[in-house]
Amino acid sequence: MAELVRYRVVRRAVLGSSHTYTGNCRHGLTAVDGTHYEMGKPHSLEIHEYGSDIFYLFYLDAGGEMLTDSLHSDLQGALEQAEFEFLIQPGEWEAVSEDREYWNEPSELAQTLVEALRAKYPPA
């Protein structure tokens, strides 16, 4: 069943020359023919908050399209992941409060993952 998903963009940062791609975490994909493509350094990062206990760190290209993401149980975890991967410091983030929404038809796997995450990290 489709549901309206509401979330808030809470941080945004454009990665410049001072933000080194450390290689501490690698993102990529493997094509059907077996060729592997590594993502490298994205153009920018955004952190989206879905309720109080789900934060996504989104890696975006220059057009604002998502390249990949990582899931965190709190804002601090997402900020630390960005620092780990790109040496971005806390003061370099733009604090934003931008509400967004979309219609989602969640897959069974996605529902199972969210339930497992909420069980492991119950709301305070």
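The values are calculated or read from the model by the stated rules, or taken from the named source; none is laboratory data. Model, not experiment: these values are computed from the prediction. Note that we place each Cβ from the backbone using ideal geometry, even for glycine, and neighbour counts take in every protein chain shown.
Residues in region 42-64 that are over 19 Å from ARG100 (Cα atoms) and surrounded by 13 or more Cβ atoms within 10 Å (Cβ to Cβ) were compared, and the one that is farthest from the chain's Cα centre (by Cα) is HIS43.
Scanning region 65-106 for residues that are surrounded by 15 or more Cβ atoms within 10 Å (Cβ to Cβ) and in a loop (DSSP other than H, G, I, E, B) yields a count of 4.
Looking across region 12-37, the residues that are in contact with a His (Cβ under 9 Å, 6 or more places away or on another chain) and either surrounded by 10 or more Cβ atoms within 10 Å (Cβ to Cβ) or closer than 18 Å to PRO90 by Cβ (or both) come down to ALA13, VAL14, LEU15, GLY28, LEU29. When region 1-29 is filtered for residues that are under 18 Å from GLN81 (Cβ atoms), in a strand (DSSP E or B) and of a type in the set (D, E, K, R), the ones remaining, listed by number, are ARG11, ARG12. Being exposed (fewer than 11 other Cβ atoms within 10 Å of the Cβ), at negative phi and at pLDDT below 85 narrows it down to one residue among LEU109, LEU113; which is it? Residue meeting the stated conditions: LEU109. Once region 1-11 is narrowed to residues that are within 15 Å of the chain's Cα centre (by Cα) and not β-branched (Val, Ile, Thr), the residue that is surrounded by the fewest Cβ atoms within 10 Å (Cβ to Cβ) is ARG8.
Figure legend. Inter-residue proximity from region 40-55: first residues under 11 Å from SER73 (Cβ atoms), second residues acidic (Asp, Glu) and surrounded by fewer than 17 Cβ atoms within 10 Å (Cβ to Cβ), beta-carbon distance below 9 Å, spacing 6+ or different chains. Indicated pairs: SER52/ASP74; ASP53/ASP74; PHE55/ASP74. Flag: ASP99 matches the condition of being within 27 Å of PRO122 (Cα to Cα), modelled with pLDDT of 90 or more and out of contact with any Pro (no Cβ under 6 Å at 6 or more places or on another chain).
Among the residues making up region 55-70, a single one is touching a helix residue (DSSP H, G or I) at 6+ places or on another chain (Cβ under 7 Å) and either of a type in the set (Phe, Trp, Tyr) or under 14 Å from VAL114 (Cβ atoms) (or both): PHE55.
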